[in-house]
Every structure is written in structure tokens, then in C-alpha cells.
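Enquirer: Let me begin by handing over the structure; questions about it come next.
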Amino acid sequence: MRITPPEELKALSLACAGEGAPLYIVGGAVRNALLNLPRTDTDITAALPQERMQALAEALRLPCTVMSATLGTLQLRLSGQVYEYTPFRSERYAAGGAHRPAEVRFDATMAEDAARRDFTVNALYADCRTGEVLDPLGCGLRDLAARRLRVCTGETLRSDALRILRLVRFSGELGFAVEEDTRRSARENAALLKDIAPERRFSELMKILLCDVKYRPGDGALWPWAPGRELPLPAGESPAVLDSLLLLEDIGAWEALVPALTEGRGMAQRKDHHRYAVLEHAFHVAANTPPEPALRLAGLLHDVGKPACRRETGNNYDHDAYGEAIAGAALAALRCPKALSAEVCALVRAHMYDVQQTARTATLRSRFARWGRERTARLICLRESDIRGCGTNDAYVNTRWRTLFAGMLADGTPFSEAELAVTGREIMEAAGLGPGEAVGRIKRQLFLHCAKRPQDNRRDRLLRLCRALAAEQGGR
């Protein structure tokens, strides 16, 4: 079995051959080439120490950077492509699941190098001159043909618990089944995920939530949405995302990711509205949202406040408010970027707004304007995903919100104070005011007025309105 090696590796592979150490592509690049999937990154390896490979690269005038002397890693740039080189090595890990070896040896064979990798389908090597694929463990090609994920050794997940999350991610991205002994090992070692840095856990969680568009970018056409485009209709539930979230539940990983979610495990809901318990409903909602980070996270966390709310009040009426605080704490614990966390929390807080569809049109216009275009678009999608994720109405579309939002986009409604046809300075001049809170109040009132009557967002009209508002405030 062969692949076609990148042409830009030819000179370096010839130089390595001259040293008696063939250069190999290894890991995901080989796997993806055999699966006819895009190459996302390329690792290369040989039985050459870091210093010797660096000398060869420099002799060929290839940009080369030492990434880690401990791990022997170099970054090379060839024809605009980035390659990561690591010599054949073996590793020993300390107790716990920390994502860093305690000891590294560079006198390893290819078989030993393969054994320290994560899954057999990622332990395939391709000769950079001939393209011949080598399978040192003897089962990687069989597992690839069977679309199956299997650990390289019994110590794979115990040594580095981050691989448990990578297992789930690869399963979702590639559509591969998890071999039963590997699944059992993931369950046995899931508690070690707490040894992994929060940032790494969060990064893998986000990749899992977006696993369905890793190699199918066309499925991401729903988002990013932008004004000027029609807000697309729901595309349906993503099996890859749902199966991945259920796999995390099966192996017991949520305690190390979002412990608050586990309180919804087995918590029943009204049968006339919900087919699923709270936790499983969250998985279905996330799988129904468009593939966008804030939406997928909000779908996962939208009901995270239900257990605490029900425990403290006896009902679910304020679970959105509870959820906002709980989601914020959970995302902070995972070191989620602040802007993303703020948007997710805002979506969680607002996801029950007008759930009965009784709000007046003028009220909705004001609310949409204050939310802004992107948040309003996200909330429409989230509300639709929430109802579809109940399992009782898979075809739900929030027609009223969609129609009103489309009309506001078409009629020029301002979605921020910056979009008003007057500036703060013009308001001060028209109203005879100096800088201060009064100007801000008038500008806010003009904004809310134009949210309901966008035809009034004209300079002359707004200046007349601001004089009247100033007179009204001055008379109080």
C-alpha cells in the first residue's frame, strides 16, 4: 500500500537517506491520505537526533525552529507548508494522566516509536521517497479498513489522559467505532482527565462539538451568518455530534469537563414536552444547533441551571437565570475565552424569552435591537434547536421571530446606538446639553424609538425628537 509523498519533502528525504535513516511521514497525514481526506498537519520522523536533522535542514536552507529539546521536536517550513519533525523515541509517564512524559529516550526503533502513539490508525508510517506505508504494530491497516479506533497499548490512555478526549474527537470526525477494550480503558481512566490542564480540556471539547465539520466544511454553510444573508433554516440533528456527546457520557468524562451537567443525568421532564431527561436533552439540542462555537456551547449548557433551580424552588421557572451563573462558572473553570463565555452566558440567559410566543411585536423589536443582529440570529437558532432537541417536534421553525427579524433587517432598523443617524455631539448641540448621563439617556431613548419606528432614523427627525426629550427631562 502506498501514498503519494509531498514533493517538497524530496530533497530532505534524500539527505536523510544519505545518513542511512529514511524519512517517514507518520500519523494523521498517512491515515487521511489512505482515507482520501484532506491533510490538516504533517508529522515526519526518522532515526536521526534533533541536532542532526537541524543540521540537514540548515544545509538545505530550510527554515527550522526548535520547538522542544526535551521531546526532540523541530518545526520545518517547506514550500509554505509546516512540518513537525520528531526522532524515533520511546516514553515513560509518571503516575496520573498528565500530558507530558517523565522520561524520553531517542534510541528507539520504529516499532517502539509506534507503540508510544495513541491509536493504531495513527501509528502508520509512509516512506517519503517511495510512499510505501509501513504498519509496525501489525494492526493499524486492518483497523483503518474496519473504521475502528484501538489504543496502541494497554497503557496508552493511562499514560496520557488527554487521549481519551482525542479518542472521542477522532470517532466523531472520522465516523470510526471505538474498539471495546479501548472503550473500557477510557472508562477506567476517565478520572485522570482532571490532571489535564483546563485549557487543553476546553480545546478538545470544542473540537468534539464541531467534529461534524472537520472534514465536511460544506456542512458549515449555516454559519457564520452575516447580515445581508437569509438566516438559514435548521439543517437537522448532527449524528456525529450527538454520538460524540453520548460517548463522553458513556466513558464518564463529563465530571472532568462540565460537572454541573451531570446533575441532569436521569432527571425526568414533562412527557408532553420532552422525550429525554435533562442531560440527554442537552446533547440533542447541541447536536441540532448550527456548527458555530457559541451556539454549540449554548445548546449544551442551556438547561444546566434546571437541577439547581428545581432543587431550590421546586420548579424550572428561573432555570435560565440559574443557568447563566452556572454556565459562567463552568466555562471559567475550563479557561474559556472571555468573549465566547460572555456570549454563551447571554444566550443561556435569554433562551426562554417569549417561549409562549405572546410578546408584543413592538416589545420584540426592542429586544432584538438590543440583542444585536448576531445574538438575535443565534437565539432564533437556539430556540429552534431547543424545541427540536425535545424529541417531540423535529420540524419546528420559529416562524414569527424569523419573519420579524427578516423584516427588521430589510427596513433598516438600527441594531446599535452607533447606527443612529445622529452622533452624541449633535445631540448635545440640539438639546443644549454638555457631556454627561443626560446625553446617554437621550441617545438610548432614540435608539429604542427607532427600533420600533426605523423610518424615523433620519438626522432631521432625530434632532427634533432629542429636543423634545431634553425638554421633557428638563421639566421633571
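The values are calculated or read from the model by the stated rules, or taken from the named source; none is laboratory data. Note that the coordinates shown come from a computational prediction; the quantities given were computed from them, not determined experimentally. Cβ: placed from backbone, ideal geometry, glycine included. Neighbour counts: every protein chain shown. We work out accessible area using only protein heavy atoms, side chains counted, and drop any ligands, DNA or RNA first. Shrake-Rupley method; radii C 1.70, N 1.55, O 1.52, S 1.80 Å.
Enquirer: Could you tell me whether any residue of the stretch 55-63 is touching a residue at least 24 places away in the same chain (Cβ under 8 Å), open to solvent by 40 Å² or more (accessible area, probe 1.4 Å) and under 34 Å from the mean Cα position of the chain (by Cα)?
Expert: Among the residues of the stretch 55-63, not one is touching a residue at least 24 places away in the same chain (Cβ under 8 Å), open to solvent by 40 Å² or more (accessible area, probe 1.4 Å) and under 34 Å from the mean Cα position of the chain (by Cα), which makes the answer no.
Enquirer: Let me ask something additional. Being assigned to a loop (DSSP other than H, G, I, E, B) and either on the phi < 0 side of the Ramachandran plot or in contact (Cβ under 8 Å) with a residue 60 or more places away in the chain (or both): is that true of G154 here?
Expert: Yes.
Enquirer: Could you go through the stretch 257-266 and let me know if any residue there is open to solvent by 20 Å² or more (accessible area, probe 1.4 Å), over 29 Å from R163 (Cβ atoms) and not in a helix (DSSP H, G or I).
Expert: No, the stretch 257-266 has no match at all.
Enquirer: Right, next: Scan the stretch 342-354 and tell me whether some residue there is modelled with pLDDT of 95 or more, more than 22 Å from T376 (Cα to Cα), of a type in the set (F, W, Y) and open to solvent by less than 60 Å² (accessible area, probe 1.4 Å).
Expert: No, the conditions are met nowhere in the stretch 342-354.
Enquirer: Does H281 meet the test of being assigned to a helix (DSSP H, G or I), closer than 19 Å to S385 by Cβ and either touching a Lys or Arg at 6+ places or on another chain (Cβ under 9 Å) or open to solvent by 70 Å² or more (accessible area, probe 1.4 Å) (or both)?
Expert: Here the answer is yes, as H281 does meet what is asked.
Enquirer: If you don't mind, there's one more thing I want to ask. Restricting to the stretch 24-33, name every residue that is out of contact with any Asp or Glu (no Cβ under 8 Å at 6 or more places or on another chain) and open to solvent by less than 40 Å² (accessible area, probe 1.4 Å).
Expert: Those that are out of contact with any Asp or Glu (no Cβ under 8 Å at 6 or more places or on another chain) and open to solvent by less than 40 Å² (accessible area, probe 1.4 Å): V30, R31, N32.
Enquirer: Scan the stretch 92-111 and give yes if some residue there is open to solvent by less than 40 Å² (accessible area, probe 1.4 Å) and acidic (D, E), otherwise no.
Expert: No, the stretch 92-111 contains no residue that is open to solvent by less than 40 Å² (accessible area, probe 1.4 Å) and acidic (D, E).
Enquirer: Somewhere in the stretch 313-329, is a residue in a helix (DSSP H, G or I), in contact (Cβ under 8 Å) with a residue 12 or more places away in the chain, within 29 Å of M408 (Cα to Cα) and open to solvent by less than 60 Å² (accessible area, probe 1.4 Å)?
Expert: There is at least one residue in the stretch 313-329 that is in a helix (DSSP H, G or I), in contact (Cβ under 8 Å) with a residue 12 or more places away in the chain, within 29 Å of M408 (Cα to Cα) and open to solvent by less than 60 Å² (accessible area, probe 1.4 Å).
Enquirer: Then there is this: Can you name every one of the strands (runs of 3 or more DSSP E) wholly within the stretch 1-117 that holds 3 or more residues which are within 24 Å of L144 (Cβ to Cβ)?
Expert: Qualifying strands (runs of 3 or more DSSP E): 24-26, 42-45, 81-85.
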